[in-house]
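Below is one structure, written out as structure tokens; the observations come after it.
The values are calculated or read from the model by the stated rules, or taken from the named source; none is laboratory data. None of the values given here were measured: they were computed from a predicted structure. Every residue, glycine as well, gets a Cβ built from its backbone with ideal geometry; the counts of neighbours run over all protein chains shown. Ligands, DNA and RNA are stripped out before the accessible areas are found, and what is left, the full protein with its side chains, is counted by its heavy atoms. Shrake-Rupley method; radii C 1.70, N 1.55, O 1.52, S 1.80 Å.
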Amino acid sequence: MKKVYVTGSRGMLGRALVPIFSEHYEVRGTDLPDADVRVATDIHEDILRFAPDIVIHLASMTDVDGCELDPEQADISNRAGTENVAKACLECDAVMGYVSTGMIYNGLKPYPYIEYDKPDPISVYGRTKFEGELAMRSILKRYYIFNTCWIFGGGAVDKKFVARIIDMARNNPSIRIVDDKLGSPTYTVDLASRILRLIGDGVPFGRYHCVNSGCVSRYEVAGEIIKAAGIEGCEVLPVPSTEFPLPAPRPAMEGMSNYAMSLLGMERMRDWRTALHEYVTSELSSD
Ligand SMILES: NC(=O)c1ccc[n+]([C@@H]2O[C@H](COP(=O)([O-])OP(=O)(O)OC[C@H]3O[C@@H](n4cnc5c(N)ncnc54)[C@H](OP(=O)(O)O)[C@@H]3O)[C@@H](O)[C@H]2O)c1
């Protein structure tokens with residue numbers, strides 16, 4: 001059985017990806033504090049000891065505003081951490097899959113990004129994730145970059161957008177949600193399954209956008225979450241992002257289309273609404 005090493009395995013995506021990969025591979029998932037990708041010698045030794053065929057690199061400083069406020073830590077985690085993992089992959093001849101972001105683009109495009117668009121990040125998080133991509137590409141020939149967006153998942157431990165909206169909607173007659181930033185909401189289970197498929201099929205190495213179909217605002221997502229959760233009596237009000245100033249700039253367009261997959265003739269990933277409804281009704285409790 002082939003072996004897969006997963007960094008950042010206890011995060012939102014890792015919790016979905018490890019069980020899905022474990023059905024087909026022998027998987028070793030690691031996370032802080034035991035395997036810190038910032039510490040080159042430690043992560044190197046741990047990866048080499050396991051001798052994987054494939055490394056899926058999820059570990060990252062994902063707090064976008066935290067990155068803006070501490071660019072040095074963001075650089076060490078996202079760029080140097082990725083470089084450390086890539087060097088270990090080179091030494092044990094493993095294929096590397098790096099999950100990156102739609103925030104590598106500047107967001108000025110009026111419609112969703114494809115893999116041939118030029119990266120031009122506007123935040124520290126976006127820049128350091130892109131520099132991680134560049135570091136990996138300079139070290140390895142056998143790599144995948146999976147750019148994704150607005151991930152939801154986690155079930156009982158979800159503390160992110162979906163869970164927060166449900167909590168706010170249950171406790172308020174109205175909520176104000178930003179409607180001038182667009183993205184492609186993506187379910188962890190769909191993303192992990194598609195990464196499994198792409199790697200398993202041995203598609204050509206390179207960049208793959210990997211998002212559920214669709215491109216919408218947070219305002220539209222919030223409305224759909226409330227509908228899926230069956231919450232009544234809470235109105236969602238659209239507001240501009242200037243109403244919630246944040247340390248890190250967000251691109252106006254983070255939406256992507258899975259153009260590289262379509263060129264390979266692969267079927268589309270399902271619509272984000274279908275995936276969201278499945279997540280809310282199957283993984284989140286309704287009480
Ligand atoms: N969430 C999104 O909407 C989104 C969108 C696009 C791309 N991505 C990318 O997708 C990947 C997975 O995201 P996610 O949402 O699952 O993130 P997450 O929930 O924050 O999980 C990341 C995991 O990595 C761990 N980690 C952080 N720094 C580490 C280090 N130096 N060494 C080892 N492990 C470390 C984190 O531990 P702690 O929790 O203890 O810090 C956490 O368990 C990330 O690479 C992210 O950049 C996410």
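Here are some notes:
- Scan the range 82-95 for residues that are in contact with a helix residue (DSSP H, G or I) (Cβ under 7 Å, 6 or more places away or on another chain) and within 17 Å of Arg38 (Cβ to Cβ) and the total you get is 7.
- Residue match in the range 85-95 (condition: near the ligand (Cβ under 9 Å from one of its atoms) and touching a Ser or Thr at 6+ places or on another chain (Cβ under 7 Å)): no
- Listed by first and then second residue, the pairs with beta-carbon distance under 6 Å, at least 6 apart or on different chains, first residue in the range 86-110 and within 16 Å of Ile199 (Cβ to Cβ), second assigned to a strand (DSSP E or B) and of a type in the set (S, T, N, Q), are Ser100/Asn147.
- Residues of the range 178-193 satisfying the condition of being in a helix (DSSP H, G or I) and open to solvent by 20 Å² or more (accessible area, probe 1.4 Å): Val189, Asp190, Ser193
- Hits in the range 195-222 - residues which are surrounded by fewer than 23 Cβ atoms within 10 Å (Cβ to Cβ), under 30 Å from Ala94 (Cβ atoms) and not aliphatic (A, V, I, L, M): Arg197, Gly200, Asp201, Gly202, Pro204, Phe205, Gly206, Arg207
- Scope the range 144-160; condition open to solvent by 40 Å² or more (accessible area, probe 1.4 Å) and not in a helix (DSSP H, G or I); matching residues: Ile151, Lys159, Lys160
- Taken together, Ala260, Ala252 contain a single residue that is open to solvent by less than 60 Å² (accessible area, probe 1.4 Å) and either within 19 Å of Pro185 (Cβ to Cβ) or charged (D, E, K, R) (or both), which is Ala252.
- Single unsatisfied condition, Met96 versus (1) in contact with a Leu (Cβ under 6 Å, 6 or more places away or on another chain); (2) within 23 Å of Gly183 (Cβ to Cβ): (2)
- Of all positions in the range 241-256, none carries a residue that is assigned to a helix (DSSP H, G or I) and over 17 Å from Asp179 (Cα atoms).
- Any chance Thr281 is surrounded by fewer than 12 Cβ atoms within 10 Å (Cβ to Cβ) and either assigned by TED's automatic domain parsing to the domain that holds Asp65 or of a type outside the set (Phe, Trp, Tyr) (or both): no
- Ile166 vs. criteria open to solvent by 10 Å² or more (accessible area, probe 1.4 Å) and in contact with a Leu (Cβ under 8 Å, 6 or more places away or on another chain): yes
- Matching strands (runs of 3 or more DSSP E) fully within the range 9-126 where at least 2 residues are out of contact with any Gly (no Cβ under 8 Å at 6 or more places or on another chain) and open to solvent by 20 Å² or more (accessible area, probe 1.4 Å): 26-30
- Residue within the range 233-242 that is hydroxyl-bearing (Ser, Thr, Tyr), in contact (Cβ under 8 Å) with a residue 12 or more places away in the chain and not assigned by TED's automatic domain parsing to the domain that holds Val124 present: yes
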